[in-house]
C-alpha cells in the first residue's frame with residue numbers, strides 16, 4: 001500500500017469519526033465519509049440506512065449501524081441490481097465475498113456484530129438508547145466521544161481498504 005493510500009485511509013477514518021461525533025447515526029457517518037472520498041455512493045443510500053442506527057431503530061438488537069454502513073458501501077459497487085433478480089451474476093458473488101471480509105474483520109475486532117455486542121465490547125455494557133438516563137450514561141461513557149466514533153472510523157477504513165484492494169479508485 002502506498003503512502004498516499006495510507007493517508008487516504010487515515011483521512012477516511014477521521015472523517016467518519018468526526019461525522020459520528022458531530023451528527024450520530026453511525027451507518028450514515030460511515031457512508032458519508034466514504035462518499036467524500038469515493039464516487040458511486042448515492043445520497044439515497046445514505047438516507048436509506050438512517051433507521052439502522054443503534055442496531056436498528058436504536059434497539060441495540062440488530063447489526064451495528066456502522067457495519068451496516070460499510071456493507072451498504074460495498075453493495076453500492078457490487079450489489080445486485082433489481083434487473084438482475086433471479087440471475088447469478090459475478091458481482092453478486094463478489095458482493096458477498098467482500099462484505100464477508102468486512103463482517104469477519106468487524107466480528108473479530110468487536111466480539112460480535114450486533115450493536116449490543118459492540119457496546120459491551122467498547123463500553124463495557126449495553127445501553128438503552130430510548131431511556132434518557134441510560135442514553136446520558138452512554139454519552140458519559142464516551143459513546144459519541146471516542147467509542148462508537150472509533151467503531152465508525154474503523155469500519156470506514158476497513159471498507160475503504162477493501163474497495164482499494166478491489167480496484168475502486170478514490171477521488172484524487
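What follows draws every value from the coordinates through simple rules; no lab data is involved. Note that the structure is a prediction, hence the values are computed from the model and not measured.
The eigenvalues of the Cα gyration tensor, multiplied by 5 and square-rooted, give the stretch 110-172 an equivalent ellipsoid with semi-axes of 30, 12, 9 Å from largest to smallest. Summed over qualifying helices (DSSP H, 4 residues or more, each -39500 (n - 2.57)) and divided by its residue number, the chain shows a 222 nm mean residue ellipticity of -20500 deg cm²/dmol. Overall, the anisotropy analysis places the stretch 76-127 in the prolate class: the square-rooted eigenvalues a ≥ b ≥ c of its C-alpha gyration tensor yield a/c not less than 1.5, with a/b exceeding b/c. What is the angle, in °, between the Cα long axis of helix 90-110 and the longest principal axis of the Cα atoms in the chain? Nearest 10 is fine, range 0 to 90. Compared with the principal axis, the helix lies near 30 degrees.
Residue-normalised convex hull volume from the C-alpha trace of the chain: 111 Å³ per residue. Percent relative contact order of the stretch 3-165, based on C-alpha pairs within less than 8 angstrom and at least six residues apart? 31 percent.
Here is the tail figure for the stretch 1-77: Cα pairs spaced more than 20 Å apart come to 28 percent of all pairs.
Put the Cα centre of the stretch 133-172 next to the Cα centre of the stretch 61-77 and the gap is 11 Å.
With springs only between Cα atoms under 10 Å, which of 81, 18, 139 fluctuates most in a Gaussian network model of the chain? Result: 81 has the largest fluctuation of those listed.
Specify the angular offset, from 0 to 90 degrees and rounded to the nearest 10, of the alpha carbon long axis of helix 65-78 from the longest principal axis of the alpha carbons in the chain. Once rounded, the angle reads 10 degrees. Between the Cα long axis of helix 3-23 and the first principal axis of the chain there is an angle of about 40°, rounded to the nearest 10. For the options 120, 39, 133, a Gaussian network treatment of the chain with springs between C-alpha atoms closer than 10 Å singles out 133 as fluctuating the most.
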